[in-house]
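**Q** The structure is given below, and queries will be raised subsequently.
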Amino acid sequence: MALKKELIDKIISVTSRAAFSCHKFLGKNDKINADKAATDTMRNEINKLEINGEVVIGEGELDEAPMLYIGEKLGSGGNLNIDIAVDPVEGTNFVAKNLPGALSVIAVAEKGNLFNAPETYMDKLAVSKKIPHEATDLDFSLEKNIKNLADSLNKDISDITVCLLDRPRHAHIIEELKKMKVKMKLISDGDVSGALMVTDDKYNVDIFLGIGGGPEGVLAASAIDAYGCKFQGRFLFNNDKDISRAKKMGIKDLKKKYDLKEIIKGDSIFCATGITTGDLVKGVYVDDNKFITETLLTHKYSNMCKIVIREDTIKT
């Protein structure tokens, strides 16, 4: 069943107001209060909606409130039962240091259609819809994936661009890519936006890969699904606590490789509103008693993938 289009404007309002609530913290080196401001606003705005919502991707467990925690019930009630995935601030360091690329992100789907991901790492791979599905795979070697990409795109390997997080855990990947003379787009944070770079040629990214947050993987997958791109993910469990939590969530095969259709099913709405200007969208602009936001919106069933500019009044 399709989510009604009337819900789209309401979800855009949620991320827009959450993004604006961070504005006073830009460059204040206070990522904790920036995140809290966006979280509180997002919770308040969602609770105004006539929905029965449950957070399946959040910022931790119940005992870590006031963050939007996994299992939290949201909404004022009604006939619409939905799963909610949130990242009130993707890139808290970007807000704290007034750097490009901070986003406020939410995805919604009908109840049971959004993967309930544990708060752990995920090995990820995303490529454009132009790439044949069988050309890339998490189980392939890095060299095989890159060579298959080059063949599929009729490019030299040296013209392939890989996006990944600039982390010590990726040192071996970065070294191998250097040896292959592959171009790299190394990002310091924000692997939701990193994965979305494969959705449009204008970003000049051919593949996103590497280890990042599992919840961020599910958020990215919900948008990538609307673009018809490919996404794969495999959760990584580093300790007994992670394993126990995953089993409680119903994950039986801890080494399972998840394809897109196992992470997000049916219709979905995804909104990523810019807090600071980055590759995907512009940041919040404040003018007297109003603020203007840009939101990357996807709605799967209406094939909607676009940038929405919203102007809103500052509440006093």
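**Q** Restricting the search to the stretch 8-26, which residues are surrounded by fewer than 21 Cβ atoms within 10 Å (Cβ to Cβ) and either among the polar types (S, T, N, Q) or not in a helix (DSSP H, G or I) (or both)?
**A** SER13, LEU26, listed by residue number.
**Q** Does at least one position in the stretch 175-192 carry a residue that is part of a helix (DSSP H, G or I), of a type outside the set (Ser, Thr, Tyr), buried (at least 24 other Cβ atoms within 10 Å of the Cβ) and under 16 Å from the mean Cα position of the chain (by Cα)?
**A** Scanning the stretch 175-192, I find at least one residue that is part of a helix (DSSP H, G or I), of a type outside the set (Ser, Thr, Tyr), buried (at least 24 other Cβ atoms within 10 Å of the Cβ) and under 16 Å from the mean Cα position of the chain (by Cα), so the answer is yes.
**Q** Here is a further query. Name the residue, out of ASN93, ASN29, ASN44, that is part of a loop (DSSP other than H, G, I, E, B) and either surrounded by fewer than 18 Cβ atoms within 10 Å (Cβ to Cβ) or not assigned by TED's automatic domain parsing to the domain that holds LEU219 (or both). Let's see the steps before the verdict.
**A** Numbers: ASN93 fails: part of a loop (DSSP other than H, G, I, E, B); ASN44 fails: part of a loop (DSSP other than H, G, I, E, B).
Result: ASN29 is the single residue among ASN93, ASN29, ASN44 that is part of a loop (DSSP other than H, G, I, E, B) and either surrounded by fewer than 18 Cβ atoms within 10 Å (Cβ to Cβ) or not assigned by TED's automatic domain parsing to the domain that holds LEU219 (or both).
**Q** Which residue, of GLU262, GLU311, GLU294, GLU216, is under 26 Å from LYS28 (Cβ atoms) and touching a residue at least 40 places away in the same chain (Cβ under 8 Å)?
**A** Working: GLU262 fails: under 26 Å from LYS28 (Cβ atoms); GLU311 fails: touching a residue at least 40 places away in the same chain (Cβ under 8 Å); GLU294 fails: touching a residue at least 40 places away in the same chain (Cβ under 8 Å).
It is GLU216.
**Q** Across the stretch 215-246, which residue is nearest to the chain's Cα centre (by Cα) among those that are farther than 11 Å from ALA195 by Cα and in a loop (DSSP other than H, G, I, E, B)?
**A** GLY228
**Q** Next question. So, in the stretch 190-203, exactly how many residues are under 15 Å from ALA272 (Cα atoms) and in contact (Cβ under 8 Å) with a residue 40 or more places away in the chain?
**A** Total meeting the criteria: 8.
**Q** Oh, and also: Please work out which residue is nearest to VAL105 (Cα to Cα), limiting yourself to the stretch 242-292 and to residues that are out of contact with any helix residue (DSSP H, G or I) (no Cβ under 6 Å at 6 or more places or on another chain) and polar (S, T, N, Q).
**A** Among them, the one singled out is THR277.
**Q** Continuing with the same structure: Looking only at residues in the stretch 259-277 that are out of contact with any Leu (no Cβ under 7 Å at 6 or more places or on another chain) and outside any strand (DSSP E or B), which one is surrounded by the fewest Cβ atoms within 10 Å (Cβ to Cβ)?
**A** The selected residue is LYS261.
The values are calculated or read from the model by the stated rules, or taken from the named source; none is laboratory data. Source: prediction; values computed, not measured. Every residue, glycine among them, receives a Cβ derived from its backbone with ideal geometry; neighbour counts consider all protein chains shown.
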